[in-house]
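Only one structure is covered here, and it is reproduced in the block below.
Values in this text are rule-based calculations from the coordinates and carry no lab data. Not measured: the values here are computed from a predicted model. Note: ideal-geometry Cβ built from the backbone for every residue, glycine included; neighbour counts use all protein chains shown.
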Amino acid sequence: MSLVIEGEEHIKAPIEKVWAALNEPEILQSSIPGCTDLVKTSDNNMKATVVLAVGPIKAKFAGEVTLTNIQAPNSYTIQGEGKGGIAGFAKGGADVALTAISPEETLLKYQARADVGGKIAQLGSRLIVSTSKKLAGEFFSNFNKTISEQN
């Protein structure tokens, strides 16, 4: 099952600061709901551990995160894939684009895609879609709050 989620955030920080934060494992880890570990393994790759509950199923996903299509400081694609044992798998990505609205404000737009399989996919599309939208919204909202507070 696959889905697409779109959204945007107005971040009260300069585009260069937002770009740097999008590439900072500590900030990403604190922004990803349920992320217990995120370690940079190379310039464009990270390993992640995320614990998520989707309806009655709670699973620990271990996986890889890769940054591609990098156009600093304007855009990139972040892709990830995780395996959650008998719960199934989740993979997806997001195209993230930054636009300077002013010297002190940045517009972050995203289009995220997600695919799930295994037991999680059997829960029903409505639950998966609502959970996915909630998680994407939480990530970008958390990210915005962290960056805006630092500015």
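A few notes on this one:
- Top of SER31, SER125, SER42 by mean-square fluctuation, Gaussian network on the chain, Cα under 10 Å: SER42
- According to the Cα-based calculation, Rg over Rh for the range 83-151 is 1.11, with Rh computed by the Kirkwood formula.
- Between GLU26 and VAL51, residue separation times 0.36 nm minus the direct Cα-Cα distance comes to 7.3 nm.
- Assigned charges on the beta-carbon of Lys, Arg, Asp, Glu; the range 92-151 dipole about Cα centre (debye): 420
- Degrees, to the nearest 10: 125-150 long Cα axis against longest axis of the chain: 30
- Candidate lysines - alpha carbon under 29 Å from LYS17, same-chain residues fewer than 8 apart omitted: LYS40, LYS47, LYS91, LYS109, LYS133, LYS134, LYS145
- When restricted to Cα atoms, the range 1-47 yields an Rg and a Dmax of 13.0, 37 Å, respectively.
- Between the residues THR77, LEU67, ALA53, the greatest Cα displacement towards the positive end of the dipole of the range 44-106, with unit charges on the Cβ of Lys, Arg, Asp and Glu, is found for ALA53.
- Size descriptor, Kirkwood hydrodynamic radius, that averages inverse alpha-carbon separations across the chain, Å: 15.7
- Size of charge dipole - the chain - debye, nearest 20, with Cβ of Lys, Arg +1 and Asp, Glu -1, no other charges: 720
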